[in-house]
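Remarks on the structure that follows.
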Amino acid sequence: MAEGLVAHESEASVLGSMLLDSECVPLVVSKIKSEDFSDAGHFGVMQAFESILDEGHTPDMAAIIQILKLVKQFETLGGEDFIKGLIDAVDSLKAIDTHCAIIKDCSDRRISIAKFEEATEQLTDMSIDASDIWSGVYDTGLEVSSFSRQGALHVETGHPERGLYKVRMQILKDRETAEVLFTGWDELDSVIPTGWAKQDLSICSARPGMGKSSWRGCVTRRFCDRGYGVALCSTEQTKETETDRNDALLTGIPISDILKSASWEAGDKRLDLIKNANRYMDENWKYDMLFSRDMDVARLREWLTLVTRTRKLDILFIDLFDRFKDVGVSINKPAVVTAKLGELAQLAQQFNIHICVIVQVNRSVEKRADRRPRLSDLKDAGGYEELGRLVMLLYRDAYYNEDSLDNTLEVCIAKQNQGPAGPHVIVPFTFNPETLESIPQSGGFFGAADPAE
């Protein structure tokens, strides 16, 4: 009885919070679902929120009331008095995390109670093996456990569902049906044999101004043109900067000209090129962008929950990860970076996507004669080198030598778990500083990994 009262109060408070502030919605839907609600009325309201999100819209109070009226639940639930009761139940918007945890805990307890009651009843049936009954109870325990929700996998030899044979056969099946992410650049794909594997992390790093965001934009275009679902979380670039880059890449108009587009005369053909490029992206790309200088891993999880409700997502680029507010700390930063990268790895598993993290290289590289970056040059390197399944380091000689006519952008495959890697595994690209386009040069990579290095 006490559990039901606590759940009812938390459910009302959470729903009231979402009605009052739509910014609470992503947080809630990333943590709980409508089936976690015990009250029928609360269940109906949560379903209304989910249905609006599934259509790609932002739910507000007016939209929720309209949905409830359409399904003829509004008056049945109590009309405006019911909505007012939900809002009055809000003690503090800051308590929403706590209430979500209570709702989830109560839901898990109801599931556990139901399973135990079922097991108790089955134990009287002598035709059912008692070990099978308790195995079912144990499976429920795994389902509601915190480590299970965090992506842990329990393999138990001899078990019909968790046995090694069953797990191995599923792995082989998944490999057969896996959608491997390749850019379509043969020169690059040939040295990354397993592609940008889903549920994995990759790291792309360079000095500021080297061209890592521009190269990321080119890779994004390759994936989008090939029909993959792509998302970008940008902590540095503004929407104006990013769309300027996209326009330059797709139209071939120099970025310096696009920045002066306000002075173009009416009827300038370049405007038509930009309009057509953006229509093309809207009609053909599956692309989501989030611009925020106040980002952390928890908010990223909320956003990914919203994105994946309406479309399939294959790869996420984070530019720049070291600007996340829970990463850019001053105390014990290497340990913090490693912990947050671990959380990103969990997100990659949870959403079945590849996550490419864009980060900066330490200034120490400037002090060497050969300024090509190494793994040890990654800022707070330990976590990046350990958790990145694929690490790419970018270098342009023209960045340091203004008189150089060589606009080659070197993409060094410094590390990968399956495939060639090392300081000599370099894929050269021709970089156009005017349009920001990078095109792989014929001939593939410069050499095989040197076993001595």
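Some notes on this structure:
- Any hit, region 21-36, residues being over 24 Å from LEU304 (Cβ atoms) and either out of contact with any Ser or Thr (no Cβ under 9 Å at 6 or more places or on another chain) or not hydrophobic (A, V, I, L, M, F, W, C) (or both): no
- Residue match in region 70-79 (condition: within 30 Å of GLY141 (Cβ to Cβ) and of a type in the set (Phe, Trp, Tyr)): no
- Selection from region 349-374 of residues that are in a loop (DSSP other than H, G, I, E, B) and closer than 13 Å to TYR400 by Cβ: ARG368, ALA369, ASP370, ARG371, ARG372, PRO373
- Residues being in a loop (DSSP other than H, G, I, E, B), over 20 Å from GLU385 (Cα atoms) and touching a residue at least 40 places away in the same chain (Cβ under 8 Å) - total across region 398-428: 0
- Of the listed requirements (1) closer than 24 Å to ASP288 by Cβ; (2) surrounded by fewer than 22 Cβ atoms within 10 Å (Cβ to Cβ); (3) touching a Gly at 6+ places or on another chain (Cβ under 8 Å), VAL191 misses just one: (1).
- For the residues ASP21, ASP81, the requirement of being over 28 Å from LYS312 (Cβ atoms) and touching a residue at least 40 places away in the same chain (Cβ under 8 Å) singles out ASP21.
- Which listed residue is among the aromatic types (Phe, Trp, Tyr) and within 30 Å of HIS159 (Cα to Cα), from PHE74, PHE116: PHE116
- Some residue of region 16-23 being at pLDDT 90 or above, within 24 Å of GLU143 (Cβ to Cβ) and in a helix (DSSP H, G or I): no
- Any hit, region 386-397, residues being of a type in the set (D, E, K, R), assigned by TED's automatic domain parsing to the domain that holds TRP196, in a loop (DSSP other than H, G, I, E, B) and more than 30 Å from LYS260 (Cα to Cα): yes
- Cβ-Cβ under 7 Å pairs, at least 6 apart or on other chains, region 320-348 side at pLDDT below 85, far side not aliphatic (A, V, I, L, M): GLY328/ASP322; LYS333/ASP380; PRO334/ASP380; PRO334/GLY382; PRO334/GLY383
- Taken together, the residues in region 359-418 that are aromatic (Phe, Trp, Tyr) and under 25 Å from the mean Cα position of the chain (by Cα) amount to 1.
- All conditions in (1) touching a residue at least 40 places away in the same chain (Cβ under 8 Å); (2) basic (Lys, Arg); (3) closer than 29 Å to LEU306 by Cα hold for ARG372, with the sole exception of (3).
- Selected residue (only one of GLY56, GLY4 is part of a loop (DSSP other than H, G, I, E, B) and either surrounded by fewer than 17 Cβ atoms within 10 Å (Cβ to Cβ) or at pLDDT 95 or above (or both)): GLY56
- Residue check for ARG245: surrounded by 20 or more Cβ atoms within 10 Å (Cβ to Cβ) and of a type in the set (Lys, Arg): yes
- Counted residues, region 277-297 - those being without any contact (Cβ under 8 Å) to a residue 40 or more places away in the chain and either in contact with a Leu (Cβ under 6 Å, 6 or more places away or on another chain) or closer than 20 Å to GLN199 by Cα (or both): 2
- Taking region 119-135 as the range and being closer than 25 Å to LEU153 by Cα and surrounded by 14 or more Cβ atoms within 10 Å (Cβ to Cβ) as the test, the residues that pass are ALA119, ILE133, SER135.
- When ASP296, ASP314, ASP282 are checked against the criterion of being over 18 Å from SER30 (Cα atoms), surrounded by fewer than 18 Cβ atoms within 10 Å (Cβ to Cβ) and charged (D, E, K, R), a single residue qualifies: ASP282.
- Test: LEU405 is in contact with a strand residue (DSSP E or B) (Cβ under 9 Å, 6 or more places away or on another chain), in the same structural domain as PHE321 (by TED's automatic domain parsing) and surrounded by fewer than 20 Cβ atoms within 10 Å (Cβ to Cβ): no
- Out of ILE102, ILE87, ILE65, one residue alone is surrounded by 15 or more Cβ atoms within 10 Å (Cβ to Cβ) and closer than 30 Å to LYS312 by Cα. It is ILE65.
The values are calculated or read from the model by the stated rules, or taken from the named source; none is laboratory data. Not measured: the values here are computed from a predicted model. Here the Cβ is made from the backbone with ideal geometry for all residues, glycine too, and neighbour counts use every protein chain on show.
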